[in-house]
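Accompanying notes for the structure given below.
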Amino acid sequence: MDFDAMFTAQLDALKEEGNYPIFAELERQCGAFPRARSHDEDTPDQVTVWCSNDYLGMGQHPTVREAMKDAVDRCGTGADGTRNISGTAHHHLVLERELADLHGKEGALFFTSGYVSNWAALSTLGSRLPDAVILSDALNHASMIEGIRHSRAKKVIWNHNDPEDLDRKLAALPANAPKIVAFESVYSMDGDISPMAEIVEVAEKHGAMTYLDEVHAVGLYGPRGGGVSEQLGLADRITLIEGTLGKAYGCMGGYVTGSAAMCDFIRSFASGFIFTTALPPAVAAAATASIRHLKVSSDERRAQKAQVAQLRAKLDAQGIPHLDNPSHIIPVMIKNPVKCRMLADILMRDYGIYVQPINYPTVPKGPERLRFTPGPLHSDADIDHLVAALTTLWKQCAIAHAVA
Ligand code: PMP
């Protein structure tokens, strides 16, 4: 059998529809974020990154870098083993205590990524709670969807951000079945924020537990970076808060927080926790430093907010349409995969602006977009340069037709 021919046929189809993934070869310039050195031909040597999920530039922060370097010097590079067998280090447990404190919970568990934490926690809860039903927001992230699927629990999808639909669907379920309402705070691609208070209220009315993904909110929202649930004073009413250390905290890894009993349960049964080598202690040390910094410093959050508002206002002034949302994510809708790719290529080649086209499968086919994430380290001049470039291209490429 010619397996390569089978692979190539499917890849060719992706290329044909404009959804073949192409990555930029960049080298971050430490201390100069959001600048990066480009190793690609036909691009300027130095480019400005406009689509980073290191939303606050904490991956470059001197305190975070020092914490990682110091831990490497003291503990070495690897973790030694899985969490269950020799891989749990002091730094992991310090981080877990820090995370529990961040969300005001009794316990926390550190996983190798946010993806794994969602997958492992939901698959464990759904499979181990007898007759569990998981009610999943229609736009939940792939990691939650995969975890729910793997659990083989009954799944009910409720309309995106629609507590009334959730209420109806909960009411139709057997009263004594354990129910888990899974949703996010900030949705990563549209940048909309869930009506958390209403969702929590509906879940409480039906005795359901709440499972909240705050991956795109931790570090960024709330006075200590505890996410939208902290900002709204709802954290103590959410059963499980899940997050990442790979985005606003600039490191790597994911986590869940909740009651001591629930964390112990997941720790004891989740294969995604048990059967994989733990992240290096140095990563945990860096993440702890990053969380501690953002618990007491709001400078980065304030500066980010200002740059987000500035970019929105300047796009509006030029008539460049973007999704209206209350978050830090600015999606400029292109609605065509080929044009989206082409615009991103031109921005990179002619303007030194790196923004990855967001095409299928990251979003469904149709709402392709350029997703901008302004941060505290983007200068006013960076914003002006981006808006000028987009304005020129908007006119040149007659994008208006594609979005009409
Ligand atoms: N949840 C959401 C909503 C996400 O967008 C992502 C990743 N983009 C994850 C979970 C996974 O987090 P991580 O990148 O840490 O694996």
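General remarks:
- Residues being modelled with pLDDT of 95 or more, of a type outside the set (D, E) and over 12 Å from D137 (Cα atoms) - total across segment 163-175: 6
- Within segment 29-41, being more than 19 Å from L386 (Cα to Cα) and touching a residue at least 12 places away in the same chain (Cβ under 8 Å) holds for Q29, C30, G31, H39, D40.
- Residue check for D384: more than 25 Å from the chain's Cα centre (by Cα) and among the acidic types (D, E): yes
- Complete set of residues in segment 1-35 that are of a type in the set (D, E, K, R), within 20 Å of N359 (Cβ to Cβ) and assigned to a helix (DSSP H, G or I): D12, K15, E16, E17
- The single residue among A79, A120 that is crowded, with 21+ Cβ neighbours inside 10 Å, of a type in the set (A, V, I, L, M), within 16 Å of the ligand (Cβ to nearest atom) and touching a residue at least 40 places away in the same chain (Cβ under 8 Å) turns out to be A120.
- Some residue of segment 323-341 being without any contact (Cβ under 8 Å) to a residue 40 or more places away in the chain and either open to solvent by less than 60 Å² (accessible area, probe 1.4 Å) or of a type in the set (V, I, T) (or both): no
- Restricting I148, I85 to residues that are more than 25 Å from L232 (Cα to Cα), without any contact (Cβ under 8 Å) to a residue 12 or more places away in the chain and either touching a helix residue (DSSP H, G or I) at 6+ places or on another chain (Cβ under 7 Å) or in the same structural domain as T239 (by the TED database) (or both) narrows the list to I85.
- Of the residues examined, L170 is one that is away from the ligand (no atom under 14 Å from the Cβ), over 19 Å from Y249 (Cβ atoms) and either assigned to a loop (DSSP other than H, G, I, E, B) or of a type in the set (A, V, I, L, M) (or both).
- Top-ranked residue of segment 252-262 - restricted to ones that are open to solvent by 10 Å² or more (accessible area, probe 1.4 Å) and out of contact with any helix residue (DSSP H, G or I) (no Cβ under 6 Å at 6 or more places or on another chain), ranked as nearest to G147 (Cα to Cα): M262
- Test: residue in segment 276-296 that is within 26 Å of G57 (Cβ to Cβ), basic (K, R) and open to solvent by less than 40 Å² (accessible area, probe 1.4 Å): yes
- Of the residues making up segment 58-92, those that are touching a strand residue (DSSP E or B) at 6+ places or on another chain (Cβ under 9 Å) and in a helix (DSSP H, G or I) number 5.
- Within segment 178-201, tally of residues that are among the aliphatic types (A, V, I, L, M) and open to solvent by 20 Å² or more (accessible area, probe 1.4 Å): 3
- Among the residues of segment 204-221, those that are assigned to a strand (DSSP E or B) and either open to solvent by 10 Å² or more (accessible area, probe 1.4 Å) or of a type in the set (S, T, Y) (or both) comprise M209, T210, Y211.
- Any hit, segment 85-96, residues being more than 23 Å from the chain's Cα centre (by Cα), loosely packed, with under 13 Cβ neighbours inside 10 Å and not polar (S, T, N, Q): yes
- Within segment 141-167, being part of a loop (DSSP other than H, G, I, E, B) and under 16 Å from the mean Cα position of the chain (by Cα) holds for one residue alone: H141.
- Residue list for segment 226-257, filter: within 15 Å of the ligand (Cβ to nearest atom), outside any loop (DSSP other than H, G, I, E, B) and in contact with an Asp or Glu (Cβ under 9 Å, 6 or more places away or on another chain): V228, S229, I241, E242, G243, T244, G254, Y255, V256, T257
- Odd one out for F111, checked against (1) touching a residue at least 60 places away in the same chain (Cβ under 8 Å); (2) of a type outside the set (A, V, I, L, M); (3) open to solvent by 20 Å² or more (accessible area, probe 1.4 Å): (3)
The values are calculated or read from the model by the stated rules, or taken from the named source; none is laboratory data. Being a predicted model, the structure only gives us computed values, none of them experimental. Glycine also receives a Cβ, built like all others from the backbone with ideal geometry; neighbour counts cover every protein chain displayed. Ligands, DNA and RNA are excluded from the accessible area calculation, which covers all protein heavy atoms including side chains. Shrake-Rupley method; radii C 1.70, N 1.55, O 1.52, S 1.80 Å.
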